[in-house]
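The values are calculated or read from the model by the stated rules, or taken from the named source; none is laboratory data. From a predicted model like this one, the values you see are computed outputs, not experimental measurements. Here Cβ is always computed from backbone atoms with ideal geometry, including for glycine, and neighbour counts include all displayed protein chains.
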């Protein structure tokens with residue numbers, strides 16, 4: 001019986017490490033979830049202004065990272081405002097099912 005308890009304790013400690021996701025750095029452009037990577041239909045320029053207005057005005061749209069392959073919604077909705085329309089490096093954990101990038105750090109990629 002004691003062996004079963006020891007095995008269960010070891011398994012309980014090992015399992016969370018299997019679920020843990022690593023932080024990675026993603027490079028792309030700060031955009032919004034409405035326009036994604038094409039701001040021309042909105043006829044608001046420059047792109048940075050369009051991104052800011054879409055997030056502020058519409059309310060339902062969020063800051064996101066467009067990396068050429070996909071659009072990832074950013075968990076931090078404050079920091080991206082100063083990088084709207086700019087190329088950045090975002091470090092964080094990507095949740096692939098929801099396409100949400102849990103932001104740890106955002107910095108200029110220029």
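Data overview
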{"quantity": "Positions within the stretch 59-76 being touching a helix residue (DSSP H, G or I) at 6+ places or on another chain (Cβ under 8 Å) and farther than 19 Å from residue 24 by Cα, in sequence order", "calculated": "61, 62"}
{"quantity": "Residue tally, condition surrounded by fewer than 12 Cβ atoms within 10 Å (Cβ to Cβ) and under 14 Å from residue 36 (Cβ atoms), over the stretch 61-89", "calculated": "2"}
{"quantity": "Long-range neighbours under 9 Å by Cβ, at least six apart or interchain, first residue in contact (Cβ under 8 Å) with a residue 24 or more places away in the chain and on the phi > 0 side of the Ramachandran plot within the stretch 66-88, second exposed (fewer than 15 other Cβ atoms within 10 Å of the Cβ) and part of a helix (DSSP H, G or I)", "calculated": "85/49"}
{"quantity": "Failed condition for residue 38, given (1) surrounded by fewer than 13 Cβ atoms within 10 Å (Cβ to Cβ); (2) under 23 Å from residue 95 (Cβ atoms); (3) over 13 Å from the mean Cα position of the chain (by Cα)", "calculated": "(2)"}
{"quantity": "Some residue of the stretch 70-78 being under 15 Å from residue 109 (Cα atoms) and either part of a helix (DSSP H, G or I) or touching a strand residue (DSSP E or B) at 6+ places or on another chain (Cβ under 7 Å) (or both)", "calculated": "no"}
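Yes or no, residue by residue, for (1) modelled with pLDDT of 80 or more; (2) part of a loop (DSSP other than H, G, I, E, B); (3) over 14 Å from the mean Cα position of the chain (by Cα):
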site: 3; (1), (2), (3): no, no, yes
site: 44; (1), (2), (3): yes, yes, yes
site: 51; (1), (2), (3): yes, no, yes
site: 56; (1), (2), (3): yes, no, yes
site: 81; (1), (2), (3): yes, no, no
site: 91; (1), (2), (3): yes, no, no
site: 105; (1), (2), (3): yes, no, no
